[in-house]
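The values are calculated or read from the model by the stated rules, or taken from the named source; none is laboratory data. Keep in mind it's a predicted model, so treat the numbers as computed, not measured. All Cβ positions, even for glycine, are placed from backbone atoms using ideal geometry, and neighbour counts span all protein chains on display. Surface areas here come from the heavy atoms of the whole protein model, side chains and all, with no ligands, DNA or RNA. Shrake-Rupley method; radii C 1.70, N 1.55, O 1.52, S 1.80 Å.
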Amino acid sequence: MTIGLLHPGEMGAAVGQCLAGAGYRALWAPEGRSAATRERAAAAGLEGCGLAEITARSDVIVSVCPPASALDVARQVSGFGGLYLDANAISPATAGEVAAIVTAGGASYVDGGIIGTPPVTPGFIRLYLSGDRAEQVRALFAGTPVDTRLVAPPGTASAVKMAYASWTKGSAALLLTARALARAEGVESALLEEWGISQPGLERRSAAANESAAAKGWRWVGEMEEIAAAMAAAGLPEGFHHAAAEVYSGF
């Protein structure tokens, strides 16, 4: 079986490494990609080729890209007739748009949501799956470090991801903002002292949030906007995560 991976960023490469390690032929499209991406793909055991070749040769295509690119990636493989797994941090509504694009081109669609962080070791990555062919995707990862979990009905894997990240990255943005306010008012040292008394661990968490945002905050802007859209669609306040997107856009 041949699997196309679009694209081997940090998480995508980790997923690709699991698939290549399971014995599948894993393809990716190096055109226009950075040297760092090429290095990750090589380390993961991925084989480079053109996008048209991926579309023609693959039995399965896995999309792991920044949320804002999910629709474009789906459009780029128009005409693909195999199984398409979208494993991006997108709202259920955006997942529905992706599904409409790929099924109109002849593919079957499975909604996915990844929770966790590389490296590829057992317990670090959970892949939530929903859709009529979710069990087939689950079978691809059998015996790999990726822990696959089925949820129903179709489209709910993205909902799990949105709800989870609304807290993890949303609360991190709030911590960054609280500390920025204290800094702006000249009371950061007093805040840190109070945290040490009444909220042990918050200083360490805020430092970790700053480090993560500095490395990946640009990617989280779109994710926060997708969460805001999911909140609005559920009749919940969306302002929290629009604000979080603004926070991360500053990194």
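Odds and ends about this structure:
- Share, in percent, of DSSP beta bridges within the chain that are antiparallel, nearest 5: 20 percent
- The residues neighbouring residue 148, those whose beta-carbon lies less than 9 Å from its own, together hold a net charge of +2 under the Lys/Arg +1, Asp/Glu -1 convention.
- Length available on full extension from residue 215 to residue 132: 0.36 nm per residue minus the Cα-Cα distance, which gives 26.3 nm.
- Calculated FRET value between residue 233 and residue 69, using beta carbons and R₀ = 22 Å, to 0.05: 0.60
- Expected 222 nm ellipticity per residue - DSSP helices of 4 or more, -39500 (n - 2.57), all of the chain, to 500: -18000 deg cm²/dmol
- In this structure the chain gives 46 Å² per residue of accessible area when probed at 1.4 Å with all protein chains present.
- Carbon and sulfur %, accessible surface of segment 97-171 computed with the full protein complex present, 1.4 Å: 59 percent
- The distance from the alpha carbon centre of segment 78-135 to that of segment 13-48 is 18 Å, rounded to a whole number.
- Length added when fully stretched, residue 34-residue 203, from 0.36 nm per residue minus Cα-Cα: 57.4 nm
- Accessible surface of segment 1-95, 1.4 Å probe, proportion on carbon and sulfur as whole %: 48 percent
- Rounded if a/c under 1.5, otherwise prolate or oblate - segment 79-169, Cα gyration tensor axes: oblate
- Neighbourhood charge, 15 Å Cβ-Cβ cut-off, centred on residue 185 and excluding it, Lys, Arg +1 and Asp, Glu -1: -1
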